[in-house]
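I have placed the structure first, in the form of structure tokens, so that the comments after it can refer back to it.
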Amino acid sequence: MSNDQQSIHGQWSSRWTFIMAATGAAVGLGNIWKFPYLTGIHGGSAFVLVYILCVAALGIPMMMAEVMIGRRGRQTPINTMRALAQENNASQSWQLIGWSGTLAGMLILSYYSVIGGWTIGYIIHSATGSFSGLNGEGASALFQEFVGSPLIQVGWHTLFMIITMYIVGRGVQSGLEKAVTYLMPALFVLLLTLVGYAMTTGYFMKGLAFLFTPDFSHFSGTSMLTAMGQAFFSLSLGMGTIMIYGSYVPKGTSIASTSVAIALADSMVALLAGMAIFPIVFANTLEPGAGPSLIFETIPVAFGHMAAGMLFGTLFFVLLLVAAWTSSISLIEPAVTMMIENFNMTRKQAALWTGLATWLLGLGTAFSFNLWTNVKVFGMTFFDLLDFLTSNLMLPIGGIGIAIFAGWLMTKDTSHAELNMNTEAGYSLWQILIRFIAPIAVSIVLIHAIGVF
């Protein structure tokens, strides 16, 4: 296979736009919503330190592998894995990695869209003063009332999906690239504005100490595995998004330096989110380990008692929405390109049909919090089941498969040429990490996630 070919879907206009797009795919609710509360639960700085080490040793090598596979194949993940398996005289069963990633992206977006819809609803709540003077009980009641309405849930979910599919339907340069060109700088400006506000709370140094002063007294083996899992998931690995974005990367772009830049930007967003949130949490004597409710039940109380809380609360939820959109457009892209390549559809048709299927699936998540709260499969609601299947099974298995394929089945000549690293030592280190460290580490995360230990 020649590595001179281009994707039929187009390509990024520059290395910088790919960095912004891939960072947008990686930066999502996981960084701004999940990372702070996991840090809170697992004692702060010790968790952050292990997380950063895992990004370096696990996340970056795996991102390089996924981008490399995508650029080599220049097709949708399914067809890329099929073509590369043939090129490397491997079993056609390897295309299951592409199918799994494409399906996982749609499943994740189906519930991600509902959570994204919450952020739209909470922008309205904040802008209209619903948080003013709110106590913990009131915030919890507000959230329960909000998610308890099937009509409201479906309405915001629908709006979120319509905007997502509109962007995707416009194509690589007119849609995806244009969106991230505006959304990613906006995300960083919003984050820095909120960090600036956190500096005025009087608790900024306490927040920094919590994030950056190592304290292993609250750190456990479970914390280490959680940090490892978060490093893997926060970079959007194993779900086909980085692979399809990699297929649009121009020849000559350094995969290694670009992957490092994306990982740095992704980690920076997670740390800035912590720097914005924890001073606000401490200033209002809230619990940093509040868990998933930190954003939608705890933070509104803080904004409700602040000077200019209405403005900064609104900005905070706008930030969450921007992060959600930059991820959502990448989650559906593998399925859209699969419909174009395999069913001869136009991009607009593919976006419409995949969007409709994903929207219908999302109704199950929207109803999980109201009409279907008592409908359980294996003791889990529809939303919990989708989250478990994707996060705990499909993504780790996909990640392990990508690492093994890139490290063991692709020839050294091919991977060496695609990565085009400056030093032989750098390439040798990547091979060790992708062949041994990454598959073993992600396998341990997988075994832990399904409750074996």
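If only one of Phe378, Phe383 is of a type in the set (A, V, I, L, M, F, W, C), more than 30 Å from Met68 (Cβ to Cβ) and surrounded by fewer than 17 Cβ atoms within 10 Å (Cβ to Cβ), which one is it? The unique qualifying residue is Phe378. Residues in region 196-215 that are open to solvent by 50 Å² or more (accessible area, probe 1.4 Å), in contact (Cβ under 8 Å) with a residue 40 or more places away in the chain and over 16 Å from Gly43 (Cα atoms): Met199, Gly202, Tyr203.
Taking region 375-453 as the region of interest, the helices (runs of 4 or more DSSP H) fully inside it that hold 2 or more residues being in contact (Cβ under 8 Å) with a residue 60 or more places away in the chain and of a type outside the set (A, V, I, L, M) are 382-387, 395-404, 412-419, 424-432. Of the residues Ala438, Ala406, the single one that is open to solvent by less than 10 Å² (accessible area, probe 1.4 Å) and in contact with a Pro (Cβ under 7 Å, 6 or more places away or on another chain) is Ala438. Exactly one residue out of Val189, Val180 is surrounded by fewer than 16 Cβ atoms within 10 Å (Cβ to Cβ) and either of a type in the set (Val, Ile, Thr) or assigned to a loop (DSSP other than H, G, I, E, B) (or both), and it is Val189. Taken as a whole, region 209-225 holds no residue that is under 30 Å from Glu418 (Cβ atoms), not hydrophobic (A, V, I, L, M, F, W, C) and not in a loop (DSSP other than H, G, I, E, B). For beta carbons closer than 7 Å, sequence separation of 6+ or different chains, a first residue in region 123-146 that is without any contact (Cβ under 8 Å) to a residue 24 or more places away in the chain and a second that is open to solvent by 50 Å² or more (accessible area, probe 1.4 Å), there are no qualifying pairs.
Of all residues in region 21-49, those that are of a type in the set (Val, Ile, Thr) have Cβ atoms under 6 Å from Cβ atoms of residues that are in a loop (DSSP other than H, G, I, E, B), 6 or more apart or on another chain, in Ile41/Gly289. Candidates are the residues of region 346-365 that are closer than 14 Å to Thr158 by Cβ and within 20 Å of the chain's Cα centre (by Cα); the one that is surrounded by the most Cβ atoms within 10 Å (Cβ to Cβ) is Gly362. Annotation: of all residues in region 300-330 being out of contact with any helix residue (DSSP H, G or I) (no Cβ under 7 Å at 6 or more places or on another chain) and among the aliphatic types (A, V, I, L, M), the one that is nearest to Val67 (Cα to Cα) is Leu311. Among the residues making up region 8-42, those that are open to solvent by 10 Å² or more (accessible area, probe 1.4 Å), assigned to a loop (DSSP other than H, G, I, E, B) and either touching a Pro at 6+ places or on another chain (Cβ under 7 Å) or not β-branched (Val, Ile, Thr) (or both) are His9, Gly10, Gln11, Ser13, Ser14, His42.
The values are calculated or read from the model by the stated rules, or taken from the named source; none is laboratory data. All figures in this text were calculated on a predicted structure; none of them were measured in a lab. Heads up, the Cβs are rebuilt from the backbone with ideal geometry, glycines too, and the neighbour counts pull from every protein chain shown. Side chains included, ligands, DNA and RNA excluded: accessible areas come from the protein's heavy atoms. Shrake-Rupley method; radii C 1.70, N 1.55, O 1.52, S 1.80 Å.
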